[in-house]
Amino acid sequence: SKLLACSLFACGISTVLQTTLGSRLPLVQIPSFEYLVPAMMLSSHLSPGASTNRNGTAMASTCLVPHCRDTGSWADSLREVSGAVLVSGMIQLVLGVSGVCGWAAQHCGPMVLAPSLSIIGLSAYKEAAFFCSTNWGVALLLMLLAVTFSQHLRSCRLPFCAWPHAWEGSTESSVPTLRTFSVLFPFAGVCIVCAILSYFHIPWESLDPAMAQLSWANSTFNAPWIHIPYAGEWRWPLLTPRALAVGIAMAIGCSMNSVGCYVLCGRLLRVPQLPPHACNRGLCMEGLGSLLAGLLGTLGGTASSIANTCATGLTQAGSLLSVQVSAVACMVLGMSPRLAGLLTHIPLAVHGGVLCVTYAMAVGTGISYFQYADIDSGRNIFIVGFAMFMALLVPRWFGTALTPLATGWVPLDLLFLSLLMVPVFLTGFLSFFLENTVSG
């Protein structure tokens, strides 16, 4: 609960910085998926309880009971992962200040944006399927309600929902309320249904023993009501060659994700193309947020949220004020570990339903960029097909390979694995390289 509270606190501050001094787009900052794979790669080499299976692969043992006695070793591992997050924040600051982010954004044409945004959406399909599998009925109910509100009833105007325009001195007869709350209403309604089923002890969620034990271990009853995060609470981050290598991978992956998120947000809200200096400022603010997250001891930095951006596309509510209110809410939750811990009780099927609806928007937005390119060109067909296919193939191969990548130097192994396991990096790198080197 304390770790989650620290992460929410850093995300709230980073969101305020992004919306005021950064890109000034309505972007919520969260610990991105791009931090997850490098952190897992690093932790697999740091776990003191790691064992070796019959294939020679390191397997990390996890302590799931509330009073784990291996806290010292766990804290050391946490320090090195926080050190990697700190390094990623520094590199993002350098990329933003030097103008590399804006330069790269200028050279990203439709043949780069189309496959990259599509893969950003497709990269979450495994997690979405895993979450939905706990109860497909709950997930499908949420998807049905979200699609109905955002698509079929998007023009439905409720007469009792009027919005005054202070600058015009007039009041609209009504506003499209169902579309505006097409994510919030289904989310709240399905959570209430799940709470009712749990209250009457009706079994509806299928969790494997490990997940059930994990949720029991994450009980919030012992968490304090008020606890303000501060730097060095989990001891200071540890900077090692391994943390440096993983931090570089985190920075590259999250920077590419953020540039895609800026483009995606502008496309969904139909605003003019973001200028290079705004991209650079946005990445600088994300770097500051990751620096703060690393100092607070969290396991992930801050990056622009693809899911929230896609939700903005569904609701068409691109207000900076609403995002800043959510940032304040994150900071309040960050100062109360017990309240923050309540978020862990949201059913996994609800998470799965939200991911299915939101990330589908990223896939569709990526496909829409094909209209600006000659898709009948053999060159363009090859670039798109090769980049997307390799982005799905390479992580799959490394995830099932019996012998992991071994160059003889562990930091270099971690750097390559952390990059090659992230589909967004592979798609962005291959499409950018081919688009700017292959004539046509």
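Couple of notes before you dig in:
- Full extension of the chain between Cys156 and Trp225 yields a length gain of 20.7 nm, computed as 0.36 nm times the residue separation minus the alpha carbon distance.
- Full extension of the chain segment joining Asp374 with Ala195 gains 59.3 nm, where the gain is 0.36 nm per residue of separation less the Cα-Cα distance.
- Ranked from largest to smallest solvent-accessible area, with a 1.4 Å probe on the protein heavy atoms, Tyr359, Tyr199, Tyr230 come out as Tyr199, Tyr230, Tyr359.
- Cα gyration tensor of the stretch 298-340 - equivalent ellipsoid semi-axes, whole Å, descending: 22, 14, 9
- Amide H within-cut-off set for Ala303, under 5 Å, with H built and near neighbours excluded: Ile30, Ser32
- Taking only the Cα atoms of the chain, the radius of gyration and Dmax are 22.1, 74 Å.
- Considering only Leu426, Leu42, Leu144, the Gaussian network model of the chain with Cα springs below 10 Å gives its largest mean-square fluctuation to Leu144.
- Among Thr344, Thr365, Thr15, residue whose mean-square fluctuation peaks in a GNM of the chain (springs only between Cα atoms under 10 Å): Thr344
- Scoring 366-372, 433-439, 121-127 by mean Cβ neighbours within 10 Å over their residues and listing the highest first yields 121-127, 366-372, 433-439.
- One quarter of the convex hull surface built on the alpha carbon atoms of the stretch 233-350 amounts to 9.2 nm², the projected area averaged over directions.
- Kirkwood Rh (inverse of mean 1/r, distinct Cα pairs), the stretch 348-430, angstrom: 15.3 Å
- Under the membrane-span-like helix rule (DSSP H runs whose alpha carbons stretch at least 24 Å along the helix axis, mean Kyte-Doolittle hydropathy 0.5 or higher), the chain yields 2-20, 71-98, 241-269, 276-296, 348-368, 378-400.
- Ligands, DNA and RNA aside, Thr20 has an accessible area near 60 Å² when probed at 1.4 Å.
- FRET efficiency, Val97 to Thr437 (Cβ-Cβ, R0 25 Å, nearest 0.05): 0.35
- Our estimate of slack between Leu320 and Glu127, defined as 0.36 nm per intervening residue step minus the Cα-Cα distance, is 66.6 nm.
- His351 accessible area, 1.4 Å probe, all protein chains in place, Å² to nearest 10: 70 Å²
- Solvent-accessible surface (1.4 angstrom probe) belonging to Ile381, in square angstrom, nearest 10: 90 Å²
The values are calculated or read from the model by the stated rules, or taken from the named source; none is laboratory data. Source: prediction; values computed, not measured. Positions of Cβ are backbone-derived with ideal geometry, glycine not excepted, and every protein chain shown enters the neighbour counts. All accessible areas refer to the heavy atoms of the entire protein, side chains included, with ligands and DNA or RNA removed. Shrake-Rupley method; radii C 1.70, N 1.55, O 1.52, S 1.80 Å.
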